[in-house]
Amino acid sequence: MTNAMTKPNQAKSETSPAERFVTPRASVYETVDNVVLELEMPGVNREALDVTVENDELTVTGRRLYAADEQAEYLHRERLPFAYRRSFVLSERIDTARINAKYLDGVLTLTLPKSVEAKPRKITIE
Amino acid sequence: MTYGSLINRHNPWGDLIALQQEMNRLFADSMGKPQSSAGLLETDFAPAVDVLRDHDNLIVRADIPGIPRENIELTVQNNRLFIRGEKKRESEDGQKNAHRLERFYGSFERVIDLPAVVNPDSIKATFRDGVLEVTAAVREEAKPRQISLQDQ
């Protein structure tokens, strides 16, 4: 079991005074070369999808589209009308410069490559 | 000594207003309310659903991320809208070393009672970015109509 894993940030609160957020469901996998994050964020406006890395913290923010609903009356509401936000603390073994992000069918998949030192390296015996 | 009884005024209309609000709530609740009724026993999860109405349409929106369009089954029967499907994992490989698994998979079902004011033949649906949107037009006669006041 390697140490190149990400942990959700538990210390920080998810809400700020100005805007409320909802935490998207996430699944985290590890392969030989990468750590893969899958976040379920349906209905996000692509232009309002933001993935930021600051120091060792990765933050994902996605804002939903609501424009057409000004005139509507809700008869039943389960989907929270807030933007998505979730932060993860990254291990230093992640090469943050090569993070890849893809948004398909409402799922944001982040591929975080492990830095070379973090991968197992065979040493030949002379 | 308390002054409560001196300040307490009885509003004769208060009870009637409360009753009216309760009636309104009951009517609103029974219209277009989705259920996961029998579905929950046989299905793995229930997607979140909103039901809203604008002037011309009833709109149902369901969050079903990570599923291709072909895996969603949408049916209307007896004025009930059935949203069913199967959400499969993309691949089995990723699970070998999973640190966190919060995503739901498997079969799902939601049932929405369509109010009588809606025309079931007019139902259209789109699926984009994991959001299923079903639109049903409200029958003409059920739309609010302005009645002009005539002179005597």
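The values are calculated or read from the model by the stated rules, or taken from the named source; none is laboratory data. The structure presented is a predicted model; accordingly, all values stated were derived computationally and were not measured. Ligands, DNA and RNA are stripped out before the accessible areas are found, and what is left, the full protein with its side chains, is counted by its heavy atoms. Shrake-Rupley method; radii C 1.70, N 1.55, O 1.52, S 1.80 Å.
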*If one takes the accessible area of chain A alone plus chain B alone and subtracts that of the pair, with a 1.4 Å probe, what total in Å², rounded to the nearest 100, results?*
3100 Å²
*Would you mind calculating the relative contact order of segment B:66-152 from Cα pairs under 8 angstrom and at least 6 residues apart, reporting the percent as a whole number?*
24 percent
